[in-house]
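Remarks on the structure that follows.
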Amino acid sequence: MRGLRDYHAPVWSEPVIMEMGRPGRRGLLFPAVDPAVSGVIGEAESLIPPQLRRNVPPALPELTEPEVLHHYLRLSQQTLGMMGISLFGTCTMKYNSAINEMLAARPEVAALHPCQDPETLQGVLEIIHAFEAILCELSGMDHFVFQAGGGADAAYLHACLARAYHADRGELERRDEVITSIQAHPCNAATAAAAGFKVVTLMLEDNGYPSLDALKAAVSERTAYLIINNPDDMGIYNPEIKQWIDVVHDAGGLCFYDHANFNGVMTKLRARELGFDACMFMLHKTFGAPKGGGGPAVGAYGCSEALASFLPTPLVVKKEDMFDLDYDRPKSIGRIREFWGNIPVVVKAYAWARSMGAAGLSQASDISVLANNYMEKRLLAIRGITRSNPLIDKHRLEMTRYSMETLSRETGVGVLDVQNRMTDFGIDAIWLSHEPWLVPEPFTPEAGEMYSKEDIDYWIDVLAHICDEAYSDPHIVKSAPHNQAIHKLNNDPLDDPDRWAMTWRAYKRKMIAKAKMK
Amino acid sequence: MAHPYMANSTPDIRQEMLEAIGAKNIGQLFEQIPVNHRLSRPLQLPPALSSEVELERHIAGLLSKNESCDTALNFLGAGCWQHYVPAACLEIVSRREWLTSVCGSPMSDHGRNQAWFEFCSQLGELVGMELVGLPVYSWGCAAGHAIRLASRLNGRREVLVVKAIDPERLAVIRNYCETPEMANHIKVTLLDYVFADGRLDLDDLLSKISDNTAAVYFEIPSYLGIIDGDAAKIIAIAHSKGAEAIVGVDPISLGVLAGPGQYDADIVVGPMQSLGVPMNCGGGVGGFIASRDDARYAREYPTFLLSITDTIKPGERGFGLSLFHQTSYGLREKGKDWTGNSTYMWAIANAAYMALMGPQGFRDIGELILQQTHFAASLLGKIPGVRIVFPLHFFKEFVVNFDGAGKRVAEVNKMLRREGIFGGKDLSKEFPELGQSSLYCVTEIHTRQDLERLAAAIEGIVAA
């Protein structure tokens, strides 16, 4: 084992910005109103109905530009993110290339208005059109739209589209159920419910996926659609998926492929060829655009020709040599979000896909699966760590779910402690599992194709070191982190109405109330 | 060939890892995928542009076919506005530490969490509310969630929505309210606006509000730019029937306009793009939800909520997720609607923008926009055949009608484009009752000369 890094996060003890500044300081000035304008128009205040004039200025901080800039740059430094090693399972951490950031920041993207005449938007429309063709080739779908602001939003788009599809056939009132698995992302169930469907959740068998019989028992004339990922978050591929789709189709339901875990099957199969009616790709994860800590993101939604008339508008279409926006689609579900999507993310994803090419995409998938299996070999050699579904002997795809149940039982150190301790060595917080935790004390690394073997080895070395610590000195793990921007959080106030504070003004009020109590 | 984005794309590393695994080849690792699930034919993708120089040239070449609002003189707004984006905001959001971050932990991503808290805190000051959620996808999505939240609070299933609303936003709201076939459908009933001045029609509100009304939703300024002085009356009427009052506001206006907390709104929603985010062809939008800090409301929020707290070290502060369990991540289909990735990076741009602006910045920009907008309207209103439809109280946007000139908006805009001007948004399809009308947007980026140039161009077009 190489020596572990002697890492420490920057500690700035930065005040909350609401506490900073002095009255009268300015961070941004605007031109004075032209005298010719004010001469004609008069005082601004006279233009506002008296009862809506702002009498008390907002209690914002008063700061200079460098104070604001430095404050936020310090805060950025206190964010580990991908500056460390982030093998964050289910999120497919990839390189977000510098050139793509620069391209998407150009005024020919940043300073476009979506209501401009399409004649003035030919470049961006061509990129969208060309990228749609790439995604269609990868998935076998006939159309893609980019309106959904994330993966969950694409699942929601599908729920809305399924409503329209079944309503168009006069069947919506009876088709009120959506089938998913307990191992599917929580948003798949949640978006179906938010669209008004009842959710039927299939449990897993020992082989890691629900049985075909369980599916058959759940499917009926009430089934609106099936929404499922494959492989799931344990790296297990359901080999019966084609039969599943047949069962759902025979009952008149639709099948949606949540391609959140695309890296494991990228360039190996096509959703449409398996029989799926629709699918979703996360451009902010799988296609090399940054995640931004939670967006702006894009859930690219693709579907077959049979569903195309229900897609949200507008669609990018090519007419002779010109690209245009088609808003005239009478059966469309309308919008799930204003405008046509997070276009800079689409530009970045297109650039990423072009940089990779077919061979690069295939290699990325290969390397991801290779690296995951390499990790498995080493991780299972660490005392206290086991693998989910230990009886499955086939190689997992791009990620594997493990358990620290043994470690926890033997040392009292759990995954949350280990997660905190790993950050002490510059490892970004590891991904555990979505709710519910089917595997006790779960964690789910995903190596992806960006990180080097050295990085992966370091990540494993850190984990091995911490597991040793758990047996020799559990306190150091349980009280972690020690080398981070701040110490372990006190979580008690977070769910207490008398103490939680989502804004500074709430915090001030509650602090004053608390002081009076004393 | 080794690819610059993939460290393990060299043959010897692949071999090393294969040997460690004990596999003969990589194909063996995909053994779970049955053969008859594989691609039916090889992929046909455009050739790879793996060298950055080729890639840059290709993309930049495509983008050069666009004509942006940087070169044209733009008056389009309608939910995506051309405001000045300070360079400091751009530098801050391009920092890789948070740009490429995913979840992290409250300790290891402390700085990012603090920036999010500062977004909520500063926005809370502008709107006059103590509870602000982390962002959602857009203003329309925020309004949709807020309406559903109101319906969960009072169990009612009808929402009254102002008719003078962005049709895009209304389409989003309609999806969020579910189609009539669904058991939890919320009926959307539109409220007329007064034809003379664009205000919400109080008589129509009084005739439509009932004990079934979950919420009344309206906007200040409205989609058509109107500052409706009856805001407090509308809210009082909503409250008299036990309905929630949801107000949509553009926060850029709140240096000069009262925050909705001041006139007793229950829930406030709005856009984020106006606070330091480029238009991005519509990809700059985001939305927020705010309310009183009342547990009844907090426990129905669909968004992540982030609270300030302390750490095990005395005197040290941190920021952690509140009420996580009620989200879709905690409760799946039993959670409050759903949440996921949305527009969190823009929350940081907003935080920096609000801090740069301060109270005086918001007042200055508000006054500048008010005066310039009214100046533009006065110039256009003087042109024979051109009419300002609602000439009294408006902010940033106003409706210009060309019926008197016998011109279609599409025609006017086409002619304007020849002069390098992007005219206002055509309302003639969406609001046929307004005839050939167009929504013009004027902000701090415009100069007096810009506005005079617009007026001269339109004068020429309608005279022709």
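The values are calculated or read from the model by the stated rules, or taken from the named source; none is laboratory data. Being a predicted model, the structure only gives us computed values, none of them experimental. So basically every Cβ, Gly included, is an ideal-geometry build from the backbone, and we count neighbours across all protein chains shown.
Which members of the stretch B:300-327 meet the condition of being assigned to a loop (DSSP other than H, G, I, E, B) and free of Cβ contacts under 8 Å to residues at least 40 places away in the same chain?
So in the stretch B:300-327, the residues assigned to a loop (DSSP other than H, G, I, E, B) come out as B:300-304, B:312-316, B:323, B:327.
Those that are assigned to a loop (DSSP other than H, G, I, E, B) and free of Cβ contacts under 8 Å to residues at least 40 places away in the same chain: B:ILE312, B:LYS313, B:PRO314, B:GLY315, B:GLU316, B:LEU323, B:THR327.
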Would you check which residues across the stretch A:478-518 are out of contact with any strand residue (DSSP E or B) (no Cβ under 7 Å at 6 or more places or on another chain) and β-branched (Val, Ile, Thr) and list them? A:ILE512
Hey, A:LYS319 hits all of (1) surrounded by fewer than 20 Cβ atoms within 10 Å (Cβ to Cβ); (2) within 7 Å of another protein chain (Cβ to nearest Cβ) but one; which does it fall short on? (2)
Would you mind telling me which numbered condition in (1) at the interface with another protein chain (Cβ under 8 Å from one of its Cβ atoms); (2) more than 18 Å from A:ALA110 (Cα to Cα); (3) among the β-branched types (Val, Ile, Thr) B:THR303 fails? (1)
Quickly run through the stretch A:16-55 and pick out the residues that are more than 7 Å from chain B (Cβ to nearest Cβ) and acidic (Asp, Glu). A:GLU19, A:GLU43, A:GLU45
Please work out which residue is nearest to the other protein chains (Cβ to nearest Cβ), limiting yourself to the stretch B:127-150 and to residues that are farther than 17 Å from B:THR339 by Cβ and either touching a Ser or Thr at 6+ places or on another chain (Cβ under 9 Å) or in a loop (DSSP other than H, G, I, E, B) (or both). B:GLU130
Give me the residue from the stretch B:260-297 that is out of contact with any His (no Cβ under 8 Å at 6 or more places or on another chain) and within 7 Å of chain A (Cβ to nearest Cβ) and, out of that set, nearest to B:PHE362 (Cα to Cα). B:PRO278
Checking A:ASN372 against (1) more than 7 Å from every other protein chain (Cβ to nearest Cβ); (2) out of contact with any strand residue (DSSP E or B) (no Cβ under 9 Å at 6 or more places or on another chain); (3) farther than 18 Å from A:PRO114 by Cα; (4) not aromatic (Phe, Trp, Tyr): exactly one of these is not met. Which one? (2)
So A:PRO186 clears everything in (1) within 7 Å of chain B (Cβ to nearest Cβ); (2) over 25 Å from A:GLY293 (Cα atoms) except one condition, right? Which one? (2)
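Hey, any hits in the stretch A:100-109 for a residue that's in contact with a strand residue (DSSP E or B) (Cβ under 7 Å, 6 or more places away or on another chain), crowded, with 22+ Cβ neighbours inside 10 Å and either more than 30 Å from A:VAL462 (Cα to Cα) or in the same structural domain as A:GLY302 (by TED's automatic domain parsing) (or both)?
Here is the first cut: in the stretch A:100-109, the ones in contact with a strand residue (DSSP E or B) (Cβ under 7 Å, 6 or more places away or on another chain) are A:108.
Subsequent filtering for residues that are crowded, with 22+ Cβ neighbours inside 10 Å retains A:108.
Narrowing the set further to residues that are either more than 30 Å from A:VAL462 (Cα to Cα) or in the same structural domain as A:GLY302 (by TED's automatic domain parsing) (or both) leaves A:108.
Yes, the stretch A:100-109 contains at least one residue that is in contact with a strand residue (DSSP E or B) (Cβ under 7 Å, 6 or more places away or on another chain), crowded, with 22+ Cβ neighbours inside 10 Å and either more than 30 Å from A:VAL462 (Cα to Cα) or in the same structural domain as A:GLY302 (by TED's automatic domain parsing) (or both).
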If you go through the stretch A:247-274 one residue at a time, how many are among the charged types (D, E, K, R) and buried (at least 24 other Cβ atoms within 10 Å of the Cβ)? 1
Inspect the stretch B:370-390 for any residue being within 9 Å of chain A (Cβ to nearest Cβ) and either among the acidic types (Asp, Glu) or assigned to a strand (DSSP E or B) (or both) and give the result as yes or no. no
Consider A:ASN389 against the criteria (1) outside the structural domain of A:LEU112 (by TED's automatic domain parsing); (2) part of a helix (DSSP H, G or I): it satisfies all of them except one. Which criterion is unmet? (2)
Taking the stretch A:237-246 and the residues there that are in contact (Cβ under 8 Å) with a residue 12 or more places away in the chain and surrounded by fewer than 20 Cβ atoms within 10 Å (Cβ to Cβ), the one that is nearest to the other protein chains (Cβ to nearest Cβ) would be A:LYS242
I'd like to know if the stretch B:8-17 contains one or more residues that are within 18 Å of A:GLY360 (Cα to Cα), touching a helix residue (DSSP H, G or I) at 6+ places or on another chain (Cβ under 6 Å), facing chain A (nearest Cβ under 7 Å) and assigned to a helix (DSSP H, G or I). yes
What about B:ALA347, is it within 23 Å of A:THR503 (Cα to Cα), assigned to a helix (DSSP H, G or I) and either more than 7 Å from chain A (Cβ to nearest Cβ) or not charged (D, E, K, R) (or both)? yes
Restricting the search to the stretch A:24-47, which residues are surrounded by fewer than 18 Cβ atoms within 10 Å (Cβ to Cβ) and farther than 20 Å from B:HIS446 by Cβ? A:GLY24, A:ARG25, A:ARG26, A:GLU45, A:SER46
Taking B:THR179 as meeting all but one of (1) touching a residue at least 12 places away in the same chain (Cβ under 8 Å); (2) facing chain A (nearest Cβ under 8 Å); (3) hydroxyl-bearing (Ser, Thr, Tyr), write down the number of the exception. (1)
Which ranges mark the helices (runs of 4 or more DSSP H) fully within the stretch A:79-173 that have 2 or more residues being more than 7 Å from every other protein chain (Cβ to nearest Cβ), under 24 Å from B:SER342 (Cβ atoms) and in contact with a Cys (Cβ under 9 Å, 6 or more places away or on another chain)? A:151-168
Among (1) free of Cβ contacts under 8 Å to residues at least 40 places away in the same chain; (2) more than 27 Å from the chain's Cα centre (by Cα); (3) within 14 Å of B:ALA243 (Cα to Cα), B:ILE209 falls short only on (1)
Considering only the stretch B:392-431, how many residues are part of a helix (DSSP H, G or I) and either farther than 15 Å from A:GLN116 by Cα or in contact with a strand residue (DSSP E or B) (Cβ under 8 Å, 6 or more places away or on another chain) (or both)? 8
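Can you spot a residue in the stretch B:74-84 that is among the hydroxyl-bearing types (Ser, Thr, Tyr) and either in contact with a strand residue (DSSP E or B) (Cβ under 6 Å, 6 or more places away or on another chain) or modelled with pLDDT under 95 (or both)?
No, that holds for no residue.
Does A:TYR458 satisfy being assigned to a loop (DSSP other than H, G, I, E, B) and either over 16 Å from A:ASN483 (Cα atoms) or among the basic types (Lys, Arg) (or both)? Before the answer, list the steps.
On the way: assigned to a loop (DSSP other than H, G, I, E, B): no; either over 16 Å from A:ASN483 (Cα atoms) or among the basic types (Lys, Arg) (or both): yes.
Answer is no for this residue.
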